[in-house]
Amino acid sequence: MDTHSADVVVIGAGQAGLSAAYHLRRTGFAPGSGFVVLDGDDGPGGAWQHRWPTLVLDRVHGFHDLPEMAFPTPDPRRPAAEQVSAYFAAYERAFDLPVHRPVRVRAVRSRPDGRLDVQTDHDRWTTRALINATGTWTRPFWPHYPGRSSFRGRQLHTADYRGPDEFAGLRVVVVGGGTSAVQLLGEVSTVAAATTWVTRRPPLFREEEFGPELGRAAVARVDEAVRAGRPPGSVVGVTGLPVTPEVRRLRERGVLHRLPMFDRITPDGVAWSDGRSVPADVILWCTGFRAALDHLAPLGLRAPGGGITMDGTRVVADQRIHLVGYGPSASTIGANRAGRAAVSEIRALLAPAAALD
């Protein structure tokens with residue numbers, strides 16, 4: 001297995017990874033020996049390339065330009081996955097970013113010489129600092145409920161969803177209280193024989209406009225969690241679900257009648273302890289994602305609270321490692337800011353060593 005070296009390795013080429021790569025190049029890190037980007041996907045686009053084809057950009061709650069390159073005027077007829085992937089590809093070309101793909105990082109370990117060893121499915125890199133931008137799409141969360149393995153129908157996650165047509169004439173249970181759950185419930189309900197929506201907590205619909213104050217509150221809550229070493233919580237728990245024109249239409253159609261979370265899954269549906277039951281052919285789990293950080297496990301970064309203790313983008317347990325697009329920076333605008341902040345701290349960290357070279 002070949003071994004290469006770079007001052008900084010970026011893992012992931014989504015919004016956060018590309019933002020970090022831009023700032024690395026802009027501040028003097030040379031492509032190749034100065035920094036590289038290792039991306040596990042076959043092509044540009046990050047997680048966006050895997051979104052369902054019926055998702056268009058006017059249904060996305062906020063998409064921000066990458067640094068120094070405006071997103072083209074969105075085409076309402078084209079899937080968001082196509083448009084964002086094309087934009088990311090153009091960005092990589094415009095700034096000549098050294099993205100290697102498909103390269104899947106298997107493990108990151110510390111070396112006796114103070115560098116980090118990044119092992120991939122192709123080769124190995126040694127580096128002085130690491131910017132991790134792996135996001136969450138590859139870690140769909142499937143909660144455990146009694147009887148799940150006994151269900152005779154189909155179960156799939158948001159990550160598997162490709163559009164409503166395959167649910168035509170079926171009875172579908174949609175699980176989850178987030179924006180994706182509402183969007184997919186709305187689509188499926190147009191073709192399904194019946195839909196049932198269940199959530200752990202009553203959904204909080206936000207009638208007022210999402211402003212800076214609410215945004216700061218959401219970021220502060222997640223930031224508090226990661227600074228304490230806890231896993232990032234759900235931002236929807238702070239912001240609520242925006243009442244869009246689509247949500248109003250779903251209300252009028254009676255689609256947004258919510259039931260509390262079922263207690264068990266039966267071979268033919270779901271059931272509650274009070275004796276209620278709902279027959280189902282499909283259970284669609286819109287239950288979110290977890291941070292894709294398994295490759296960092298050899299470093300022992302997790303705190304007793306189950307998360308990774310952070311100070312901004314920097315991992316408190318290892319100043320060589322920054323997580324961007326994680327916790328409070330898990331949004332397109334937050335990812336941009338996190339990329340810039342991580343590069344600033346890494347430059348300060350590596351400056352003394354660079355001066356000795």
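The values are calculated or read from the model by the stated rules, or taken from the named source; none is laboratory data. What you are looking at is a predicted structure, and each value in this text was computed from that prediction instead of being measured. Neighbour counts run over all protein chains shown; Cβ positions are idealised from the backbone, glycine included.
Among the candidates 75, 39, the residue that is under 19 Å from the mean Cα position of the chain (by Cα) and either modelled with pLDDT of 95 or more or on the phi < 0 side of the Ramachandran plot (or both) is uniquely 39. Restricted to the stretch 252-336, the set of strands (runs of 3 or more DSSP E) holding at least 2 residues that are under 27 Å from the mean Cα position of the chain (by Cα) and of a type outside the set (A, V, I, L, M) comprises 258-260, 318-323. Residues of the stretch 221-228 include at least one that is within 22 Å of the chain's Cα centre (by Cα), of a type in the set (Val, Ile, Thr), under 29 Å from residue 258 (Cα atoms) and modelled with pLDDT of 70 or more.
To keep it simple, each residue is scored yes or no on (1) assigned by TED's automatic domain parsing to the domain that holds residue 24; (2) without any contact (Cβ under 8 Å) to a residue 40 or more places away in the chain; (3) farther than 26 Å from residue 70 by Cα.
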| position | (1), (2), (3) |
| --- | --- |
| 298 | yes, no, yes |
| 301 | yes, yes, yes |
| 309 | yes, no, yes |
| 314 | yes, yes, yes |
| 326 | yes, no, no |
| 335 | yes, no, no |
| 339 | yes, no, no |
| 349 | yes, no, yes |
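Within the stretch 71-84, residues that are farther than 12 Å from residue 55 by Cα have Cβ atoms under 6 Å from residues that are in a helix (DSSP H, G or I) in these pairs: 71/87; 74/57, counting only partners at least 6 apart in sequence or on another chain. Each residue in the stretch 310-357 was checked for being at pLDDT below 85, more than 17 Å from residue 227 (Cα to Cα) and among the hydroxyl-bearing types (Ser, Thr, Tyr), and 2 pass. Among the residues making up the stretch 255-285, those that are within 23 Å of residue 141 (Cα to Cα) and touching a Lys or Arg at 6+ places or on another chain (Cβ under 7 Å) are 261, 265, 267, 268, 271, 280, 281, 282.
Residues being out of contact with any Cys (no Cβ under 8 Å at 6 or more places or on another chain), surrounded by 15 or more Cβ atoms within 10 Å (Cβ to Cβ) and closer than 27 Å to residue 197 by Cα are represented in the stretch 316-330 by at least one member.
Yes or no, residue by residue, for (1) over 27 Å from residue 81 (Cα atoms); (2) assigned by TED's automatic domain parsing to the domain that holds residue 257; (3) under 26 Å from the mean Cα position of the chain (by Cα); (4) modelled with pLDDT of 95 or more:
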position	(1), (2), (3), (4)
153	yes, yes, no, yes
178	no, yes, yes, no
184	no, yes, yes, yes
195	no, yes, no, yes
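Of 307, 215, 254, which residue is closer than 30 Å to residue 115 by Cβ, of a type in the set (Gly, Ala, Ser) and modelled with pLDDT under 95? Step through it out loud before you land on a result.
On the way: 215 fails: closer than 30 Å to residue 115 by Cβ; 254 fails: closer than 30 Å to residue 115 by Cβ.
When all the criteria are applied, what remains is 307.
From the list 268, 263, 294, 274, the lone residue that is assigned by TED's automatic domain parsing to the domain that holds residue 335, of a type in the set (Asp, Glu) and at pLDDT 85 or above is 294.
Taking the conditions (1) out of contact with any Gly (no Cβ under 6 Å at 6 or more places or on another chain); (2) of a type outside the set (Ser, Thr, Tyr); (3) crowded, with 16+ Cβ neighbours inside 10 Å in turn, residue 46 satisfies each one other than (1). In summary, strands (runs of 3 or more DSSP E) completely within the stretch 69-174 and bearing 2 or more residues that are under 25 Å from residue 322 (Cα atoms) occur at 105-110, 116-120, 124-132. Only one of the listed residues (312, 305, 288, 300) is at positive phi and either of a type in the set (Phe, Trp, Tyr) or surrounded by fewer than 16 Cβ atoms within 10 Å (Cβ to Cβ) (or both). That residue is 300.
Pull up the stretch 32-46, narrow it to residues that are touching a residue at least 60 places away in the same chain (Cβ under 8 Å) and touching a strand residue (DSSP E or B) at 6+ places or on another chain (Cβ under 9 Å), then point me to the one that is farthest from residue 129 (Cα to Cα). Don't jump to the end; show me each part of the working.
Our first condition is that a residue be touching a residue at least 60 places away in the same chain (Cβ under 8 Å); within the stretch 32-46, this holds for 32, 35-42, 46.
Keeping just the survivors that are touching a strand residue (DSSP E or B) at 6+ places or on another chain (Cβ under 9 Å) gives 32, 35-40.
Details: 32: 14, 35: 10, 36: 11, 37: 12, 38: 14, 39: 17, 40: 19 Å.
Ranking the candidates gives 40 first.
Taking residues in the stretch 1-25 that are under 20 Å from residue 349 (Cβ atoms), and partners anywhere that are surrounded by fewer than 24 Cβ atoms within 10 Å (Cβ to Cβ) and of a type in the set (Asp, Glu), the pairs with Cβ atoms closer than 8 Å and at least 6 places apart or on different chains are 22/68; 25/96. Quick one: count up the residues across the stretch 1-32 that are outside any strand (DSSP E or B) and surrounded by 20 or more Cβ atoms within 10 Å (Cβ to Cβ). Qualifying residue count, the stretch 1-32: 14. List every residue pair whose Cβ atoms lie under 7 Å apart, where the two residues are 6 or more positions apart in sequence or sit on different chains, the first residue falls within the stretch 146-175 and is at positive phi and surrounded by fewer than 18 Cβ atoms within 10 Å (Cβ to Cβ), and the second residue, located anywhere, is at pLDDT 95 or above and not in a loop (DSSP other than H, G, I, E, B). Cβ pairs passing all conditions: 147/264; 147/265; 147/266.
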